[in-house]
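No value in this document is a laboratory result; all are computed from the given coordinates. Remember, it's a predicted structure, so these values are computed and weren't measured experimentally. A quick note on method: Cβ atoms are made from the backbone with ideal geometry, for glycine too, and the neighbour counts reach across all protein chains shown.
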Amino acid sequence: MGVLALRANADGVRLYLTRGKGLPDPEKLLRGSANQVRWIELEAASTIARPAVAGLIDEALSRNR
């Protein structure tokens with residue numbers, strides 16, 4: 001199972017975190033209500049470089065080695 005996924009459609013681009021439900025998210029960036037998966041709306045490619053988003057990605061990767 002993958003850790004991250006990108007999905008693009010007419011509504012925009014989203015970064016999905018497969019086990020996002022259990023991630024610490026003090027800035028409340030994660031969206032969704034599925035059992036495990038959460039997502040972040042990517043307004044621009046630079047969104048991934050934001051410290052809070054990069055932190056979520058790093059944490060997701062470290063929990064799924």
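Being surrounded by 15 or more Cβ atoms within 10 Å (Cβ to Cβ), among the hydrophobic types (A, V, I, L, M, F, W, C) and in a loop (DSSP other than H, G, I, E, B) holds for only one residue in Leu56, Leu29, Leu15, and it is Leu29.
Taking the criterion of being exposed (fewer than 11 other Cβ atoms within 10 Å of the Cβ) and of a type outside the set (Asp, Glu), the residues of the range 35-53 that qualify are Asn35, Ala44, Ala45, Ser46, Ala49, Pro51. Among the residues of the range 36-46, some residue qualifies, meaning at least one is out of contact with any helix residue (DSSP H, G or I) (no Cβ under 9 Å at 6 or more places or on another chain), within 16 Å of Leu6 (Cα to Cα) and outside any loop (DSSP other than H, G, I, E, B).
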